[in-house]
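Computed from the coordinates by the stated procedures, all read-outs in this text should not be read as laboratory data. If you're wondering where the values come from, they're calculated on a predicted model, not measured in any experiment. Every residue, glycine among them, receives a Cβ derived from its backbone with ideal geometry; neighbour counts consider all protein chains shown.
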Amino acid sequence: MDIKLLRIDSRLVHGQVANNWAGALGAEAILAVSDGAANDELRKTLMLQTGGGKVKVHVLGVEKAARVYKNAKYESLKAVIVVETPADIVRLLDLGVQAPEVNVGGMTFKQGTSQLSQAVYVSPEDVEAFKEIDSRGIKQYIQQVPSSSSSDLMAALKAKGML
């Protein structure tokens, strides 16, 4: 699989992902990777309608997404993979998915999180997952849309005293 973007976005598939990112990167498919969404028929149905005609949306659990990634049938598929949390990235990496970088696009506010950037709120568990991803030599950056500037995630965590 040709991963055009590996993104963390707690909303998974929405207009920014379906129109801006997938279009800018020439992706043929968006894989929304979430065990919760894959098992929630309403969420799944809503996300499947987001892609429109150009980009096919698939909602998969983490383990199934890793199997699809490794399947030779999808070797040339140009895909955007979107997960809800950095822990999902760690699970994908543990299951053999390879990516040189991770885009952190949006992590919504929840109880127990701290603001890292305009659209990114992180919990202590998220920080631990980001540290694990960093330890594997994978670049992580914050960027909402292709036309906006990006910033180094680990530097942002350090600047906020979260490391």
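Identify, among Ala87, Val102, Thr50, the residue whose Cα sits farthest towards the positive end of the charge dipole of the chain, taking +1 on the Cβ of Lys and Arg and -1 on the Cβ of Asp and Glu, with the dipole about the Cα centre.
Going by the charge dipole, the pick is Thr50.
For Asp40 and Lys70, FRET efficiency with R0 = 22 Å and r from the beta-carbon atoms, rounded to 0.05?
0.30
Could you list the residues of the stretch 18-58 with an amide nitrogen less than 18 Å from a label point located 7 Å from the Cα of Gln118 in the Cα-to-C-beta direction?
The answer is 20-21, whose backbone nitrogens lie closer than 18 Å to the label point.
Applying the Karplus parametrisation 6.51 cos²θ - 1.76 cosθ + 1.60 with θ = phi - 60° to the phi angles of the stretch 11-22, what ³J(HN,Hα) value in whole Hz is obtained for each residue in order, glycine and proline being reported as x?
Values, residue by residue: 8, 6, 9, 8, x, 4, 6, 5, 8, 6, 5, 4 Hz.
Based on the Cα coordinates of the stretch 98-159, what is the per residue volume of their convex hull in Å³?
Per-residue hull volume (Cα only) is 88 Å³.
I need the fraction of alpha carbon pairs in the chain separated by more than 30 Å, rounded to a whole percent. Could the numbers behind the result be given before it?
Values: 1293 of 13203 pairs.
Cα-Cα pairs in the chain separated by more than 30 Å: 10 percent.
Given H placed 1.01 Å from N in the peptide plane, which residues other than close sequence neighbours of Val57 have an amide H under 5 Å from its amide H?
Long-range HN contacts for Val57: Ile30, Gly51.
If you place +1 on the Cβ of every Lys and Arg and -1 on the Cβ of every Asp and Glu, how big does the dipole about the Cα centre of the chain come out, in debye to the nearest 20? If you can, show how the numbers build up before the last one.
Details: 19 positive and 18 negative charges, 72 e Å.
The dipole of the chain has a size of about 340 debye.
Multiplying the sequence separation of Gln98 and Asn19 by 0.36 nm and subtracting their Cα-Cα distance, what value in nm do you get? Before the final figure, lay out the partial values.
Details: separation 79, 0.36 × 79 = 28.44 nm, distance 2.44 nm.
Between Gln98 and Asn19, full extension yields 26.0 nm more.
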